[in-house]
1. Could you tell me which of the residues A:127, A:172, A:179 is modelled with pLDDT of 85 or more and closer than 22 Å to residue A:99 by Cβ?
2. Could you pull out every one of the helices (runs of 4 or more DSSP H) wholly within the stretch A:192-290 that has 3 or more residues that are at pLDDT 85 or above?
3. For residue B:34, are the conditions met, namely being farther than 17 Å from residue B:18 by Cβ, within 19 Å of the chain's Cα centre (by Cα), modelled with pLDDT of 85 or more and more than 9 Å from chain A (Cβ to nearest Cβ)?
4. Report, by residue number, each residue of the stretch A:158-167 that is farther than 15 Å from residue A:271 by Cα and either more than 8 Å from every other protein chain (Cβ to nearest Cβ) or not in a helix (DSSP H, G or I) (or both).
5. Taking the stretch A:378-394 on its own, how many of its residues are in a helix (DSSP H, G or I), touching a residue at least 24 places away in the same chain (Cβ under 8 Å) and not aliphatic (A, V, I, L, M)?
6. Go through (1) more than 20 Å from residue A:258 (Cα to Cα); (2) touching a residue at least 24 places away in the same chain (Cβ under 8 Å) one by one and return the number of the condition residue A:71 breaks.
7. Go through the stretch A:127-137 and report how many residues are among the aliphatic types (A, V, I, L, M), facing chain B (nearest Cβ under 9 Å) and outside any loop (DSSP other than H, G, I, E, B).
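The values are calculated or read from the model by the stated rules, or taken from the named source; none is laboratory data. Note that the coordinates shown come from a computational prediction; the quantities given were computed from them, not determined experimentally. With ideal geometry, Cβ positions are generated from the backbone for all residues, glycine too; neighbour counts draw on all protein chains shown.
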Amino acid sequence: MIEYITSYLKSDTTPGQAGNFLWAFIYILLIFLGLSVAVIAMNWLERKILAHMQVRLGPMRVGPHGLLQPIADAIKLLIKEDIMPSESDPFVFWTAPLIVVLTAFTVFIVVPFGPTHAVTDMNIGVLFMLGVSSLSVLGVVMAGWASNSHYPLMGALRSSAQMVSYEIAMGLAVISAVLMTSFNPSGTGTLSMIGIVQAQEAQSTWFIFKFFPLGLIAFFVFAVAMVAETNRAPFDLPEAESELTAGFHTEYSGFRWSLFFLAEYSAMIAVSSIAVTLWLGGWLRPFPHWLSGETWDLVFSLFPGLTFLAMAGLTFYSVARMPKHPYFRAQTMGLAGFGALLGLIGLVLFAPLVRDRVQDIYWFAAKVAGFMYLYIWYRGTFPRYRFDQLMKVGWKILLPIGLGVLIVTAILGIAL
Amino acid sequence: MQPVATTFFFYFLALVTVISGVLVITRRNPVHSALALILALLGQAGLYLMLYAPFVAGVQIILYAGGIMVLFLFVIMLVSIERAQKEEQFNNMWVVGVLAALVLGGLFTGVYVKGRDLFAGREIALPEQSNTQQIAVLLYGNYMFAFEIASLLLLVAIIGAVVMAKKRI
């Protein structure tokens with residue numbers, strides 16, 4: 001048994017390619033668990049960061065610094081009454097959140113957290129991700145229609161128009177990145193997620209810096225389109241709370257609403273991981289060629305542990321700053337325990353065997369986390385677009401830019 | 001990696017496609033019909049995957065299930081369902097329908113019975129890994145002209161739609 005596990009730890013393919021069902025299943029469970037933790041963390045971070053941007057404190061009551069707030073919210077949602085409007089279409093109303101959640105989680109089959117850390121490596125990886133995530137709009141449309149109410153229908157109409165418009169700009173940006181993978185001696189590109197990162201490694205540049213402003217412009221087009229695709233501010237017209245109460249999920253409550261919430265955040269992580277894979281070098285650490293060699297490898301492999309130690313340090317600083325009143329004793333001890341857990345994880349990550357194996361996942365997750373922060377930052381700073389402005393940005397600005405970048409990339413690729 | 005339970009998946013996907021195809025024409029509610037059609041298209045995408053054509057399957061999902069059907073739903077959602085359900089079907093063309101179904105059924109049965117002789121020796125092993133590249137070589141190499149003509153036709157259709165929809169351009 002132990003030999004079986006250690007032999008797998010040294011394998012150099014993904015479980016899907018090796019045809020190993022047990023490991024594929026474990027990977028799926030791990031990804032599901034990691035995503036759920038990430039969604040919970042994002043819930044807390046979004047409220048805290050937004051609050052600090054608006055000079056508020058944010059959640060402070062449940063647990064130290066409101067750390068237990070997401071868990072309290074989850075319990076509240078689970079035990080809340082589940083209401084279905086009497087005039088609704090029950091079957092469609094019931095399946096809509098399932099479709100949204102299924103599509104949001106299915107795309108993670110091909111996300112490459114490392115050269116071997118993916119459930120499987122598909123020949124059509126990017127196409128699969130774009131296709132399955134484009135199905136999520138169906139769930140939104142179904143939810144809006146089945147509620148049989150005005151605001152949800154308006155939200156669903158806006159959502160479908162918005163998704164169809166921005167998918168085109170998004171596709172063009174993706175094609176120009178896929179085109180860049182073919183600039184090698186054999187002249188053959190690839191759509192596989194792992195293959196795209198390996199192409200960036202072989203060309204020793206992230207595609208965001210390839211043909212200097214070109215890669216950056218394509219990345220910019222994708223970065224705008226992906227915010228629109230996930231219905232987040234400033235493109236959150238389908239659920240604009242000041243106009244449509246809550247848009248397409250106005251009539252949903254309790255557990256079904258929490259499924260929409262879960263799907264929204266995991267879709268955000270999914271599109272961010274497409275962006276990271278296509279333009280930011282996926283699991284590659286910064287400067288793999290410029291700062292190469294044994295010493296630099298060692299220095300960069302210490303980053304995961306150091307990050308967790310830094311988080312533990314921050315937690316202990318907060319422990320020291322907790323009020324000394326006996327009423328806060330339980331909270332202080334809980335926070336200290338959390339800090340100790342973070343420090344312990346950090347120490348485990350320094351072990352050489354773990355270090356080498358976890359590095360890729362760390363760099364991928366760190367880049368995705370950067371995007372997650374950007375999402376919160378956008379929400380804190382940008383006002384919402386009007387619908388005609390949204391259409392104008394999609395069709396008259398992003399689409400021509402995307403087409404232009406694609407054509408210039410193709411010309412440069414032939415010329416060089 | 002060797003494929004697993006091929007027959008099971010074939011019959012499963014075929015069943016999904018056929019049942020949802022029947023639902024498309026039997027549901028009175030147009031939104032339910034459209035949703036069944038999406039399921040049929042997804043089942044078809046699965047069949048393409050089983051034929052070692054992952055690219056075609058991916059394009060099927062993006063274009064039909066994710067793009068065209070969303071536009072379908074967009075239009076259908078604006079129809080008043082109560083009124084549409086009460087209306088009588090006005091095309092009494094069941095004679096032509098039965099005739100067409102018989103001809104098509106005869107064709108299918110013929111292919112099923114004599115299929116082995118019709119397509120003998122045409123079993124080409126298409127490696128899954130280079131499917132996308134092979135399609136690209138065919139589309140932009142051998143059939144470049146046909147491909148460009150088809151895209152020109154689509155362009156004409158787009159311009160025509162814009163001209164018809166807009167009063168002033």
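1. Numbers: A:172 fails: closer than 22 Å to residue A:99 by Cβ; A:179 fails: closer than 22 Å to residue A:99 by Cβ.
From the options A:127, A:172, A:179, the qualifying one is A:127.
2. Working: elements: A:193-202, A:213-229, A:241-244, A:254-279.
Answer list for the stretch A:192-290: A:193-202, A:213-229, A:254-279.
3. Spelling it out, residue B:34 is indeed farther than 17 Å from residue B:18 by Cβ, within 19 Å of the chain's Cα centre (by Cα), modelled with pLDDT of 85 or more and more than 9 Å from chain A (Cβ to nearest Cβ).
4. To start, the set of residues in the stretch A:158-167 that are farther than 15 Å from residue A:271 by Cα comprises A:158-162, A:164-165.
If the condition is that a residue be farther than 15 Å from residue A:271 by Cα and either more than 8 Å from every other protein chain (Cβ to nearest Cβ) or not in a helix (DSSP H, G or I) (or both), then A:158, A:159, A:162, A:165 are the ones that fit.
5. First, the residues of the stretch A:378-394 that are in a helix (DSSP H, G or I): A:378-381, A:387-394.
Filter again for touching a residue at least 24 places away in the same chain (Cβ under 8 Å), leaving A:378-381, A:387, A:390-391, A:393-394.
After this cut, where a residue has to be not aliphatic (A, V, I, L, M) as well, the list is A:378-381, A:387, A:394.
Total satisfying the criteria: 6.
6. Every listed condition holds for residue A:71 apart from (1).
7. Just the residues of the stretch A:127-137 that are among the aliphatic types (A, V, I, L, M), to begin with: A:127, A:129-130, A:132, A:135, A:137.
Next, from what is left, pick out any that are facing chain B (nearest Cβ under 9 Å): A:127, A:130, A:132, A:135, A:137.
Next, from what is left, pick out any that are outside any loop (DSSP other than H, G, I, E, B): A:127, A:130, A:132, A:137.
Total satisfying the criteria: 4.
Residues checked against (1) surrounded by 10 or more Cβ atoms within 10 Å (Cβ to Cβ); (2) farther than 30 Å from residue B:22 by Cα; (3) at pLDDT 70 or above; (4) among the basic types (Lys, Arg):
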| residue | (1), (2), (3), (4) |
| --- | --- |
| B:80 | no, no, no, no |
| B:86 | no, no, no, yes |
| B:89 | no, no, no, no |
| B:100 | yes, no, yes, no |
| B:112 | no, no, yes, no |
| B:124 | no, yes, no, no |
| B:147 | yes, yes, yes, no |
| B:161 | yes, yes, yes, no |
| B:165 | no, yes, yes, no |
